[in-house]
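Notes for the one structure printed next.
The values are calculated or read from the model by the stated rules, or taken from the named source; none is laboratory data. This structure is a prediction, so every number in the text was calculated from the model and none was measured. As a convention, Cβ positions derive from the backbone with ideal geometry for all residues, glycine included, and neighbour counts pool all protein chains shown.
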Amino acid sequence: MNIREERQNKRIKPDWLKIKVPFGKTYLNVKAVIEKNKLHTICTSGHCPNMEDCWGRGTATLMILGDICTRACKFCAVKTGKPLPADLEEPKRVAESVELLNLKHVVLTSVDRDDLEDGGAAIWADTILSIKKRTPEVTIEALIPDFKGNYVDLKTVMDSKPEVLSHNMETTRNLTPRLRSLAKYDRSLEIIKLISDYGIVSKSGIMLGIGETEKDVLQTMDDLRQVGCQVLTIGQYLQPSPNHLPVREYIKPEIFEQYRLAGIEKGFTHVESGPLVRSSYHAEKHINFK
């Protein structure tokens, strides 16, 4: 086999990435509650491969502040454009849905809202506090944007005290300009440092198969540990459409396991690493690391 043939084979979707079509009573119940309350989920907007698994277990990652992002990252399936005005009633509907779904742990995320003066921080805080008021036993992970590095906006969210506060690096330093719209590698590290220093469990995630090297991945792990990141997720990038960045390589499960072990050795308290791992995968396991 020559080099060209080997590279082509690396881009053929392997069996370990085949996923099930969503179905089942619990899945349908989650779908009904979300639709009734006019909510968005990253599960559908982001074409998550674990939707059948998560929804079937009665969990979902709720996406606030609409489903239109002001950024246009090369890897992301979420729509980009001019968002609708922020819905001030959304926090209440989210809190009601969390109660109806009888969740023990909820993951919240959002689109980037660079059109809003505070980047959506007030809605973020209101949503978290509304959930805590209505269902105080529920634990919360907030997967947040970078708020353009604005500390005041970040503190607004931190002061609402989610149990886990996550911000994804998405990729390595050298690939960041190619993949991420407006986001900066060092700014993301600074966000995670501020979260760690505040005392909330800090978490981040990266994707593989975009052209990164092993050295790049290990350096990103070191960079995250240096700013106090405690929980790390590592998954396979999957091209959501022909208009998005193509997959350079499908990483084998055993390589993901090697990265998981490397992350534990480097001091992460928990590492989820596998082809189908996404930011919120098994998120309920990530709340007790302080």
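All of Asn174, Asn168 fail the test of being modelled with pLDDT of 95 or more and in contact with a Gly (Cβ under 7 Å, 6 or more places away or on another chain), apart from Asn168. Please tell me if Ile234 is free of Cβ contacts under 8 Å to residues at least 60 places away in the same chain, crowded, with 22+ Cβ neighbours inside 10 Å and assigned to a strand (DSSP E or B). For Ile234, the condition - free of Cβ contacts under 8 Å to residues at least 60 places away in the same chain, crowded, with 22+ Cβ neighbours inside 10 Å and assigned to a strand (DSSP E or B) - is met.
In region 86-104, the residues that are surrounded by 15 or more Cβ atoms within 10 Å (Cβ to Cβ) reach residues that are outside any helix (DSSP H, G or I) and among the small types (Gly, Ala, Ser) with C-beta atoms within less than 8 angstrom, at least six apart or across chains, in these pairs: Ala86/Gly66; Ala86/Gly120; Leu101/Gly58; Leu101/Ala60; Leu103/Gly58. There is no residue in region 73-94 that is closer than 26 Å to Lys161 by Cβ, in contact with a Ser or Thr (Cβ under 6 Å, 6 or more places away or on another chain) and at pLDDT below 80. Taken together, the residues in region 117-126 that are in contact (Cβ under 8 Å) with a residue 40 or more places away in the chain and either aliphatic (A, V, I, L, M) or touching an Asp or Glu at 6+ places or on another chain (Cβ under 8 Å) (or both) amount to 1.
Residues checked against (1) surrounded by 20 or more Cβ atoms within 10 Å (Cβ to Cβ); (2) under 18 Å from Leu232 (Cβ atoms); (3) among the basic types (Lys, Arg); (4) free of Cβ contacts under 8 Å to residues at least 60 places away in the same chain:
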| position | (1), (2), (3), (4) |
| --- | --- |
| Ile128 | yes, no, no, yes |
| Pro136 | no, no, no, yes |
| Asp153 | yes, no, no, yes |
| Val157 | yes, no, no, yes |
| Val164 | yes, yes, no, no |
| Glu170 | yes, yes, no, no |
| Asn174 | no, no, no, yes |
| Leu182 | no, no, no, no |
| Ile192 | yes, yes, no, yes |
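Go through region 240-280 and give me each residue that's assigned to a helix (DSSP H, G or I) and either at pLDDT below 95 or aliphatic (A, V, I, L, M) (or both). Scanning region 240-280 gives Ile255, Leu261, Ala262, Ile264. Taking the stated definitions as given, is Arg187 in a helix (DSSP H, G or I) and touching a Gly at 6+ places or on another chain (Cβ under 6 Å)? Against the criterion (in a helix (DSSP H, G or I) and touching a Gly at 6+ places or on another chain (Cβ under 6 Å)), Arg187 qualifies. Just one of the listed residues (Gly228, Gly263, Gly274, Gly267) is of a type in the set (Gly, Ala, Ser) and in contact with a Pro (Cβ under 9 Å, 6 or more places away or on another chain), namely Gly274. Restricting attention to region 138-151, which residues are of a type in the set (Gly, Ala, Ser) and surrounded by fewer than 24 Cβ atoms within 10 Å (Cβ to Cβ)? Of everything in region 138-151, just one residue is of a type in the set (Gly, Ala, Ser) and surrounded by fewer than 24 Cβ atoms within 10 Å (Cβ to Cβ), namely Gly149. Scanning region 52-65 turns up no residue that is at pLDDT 95 or above and polar (S, T, N, Q).
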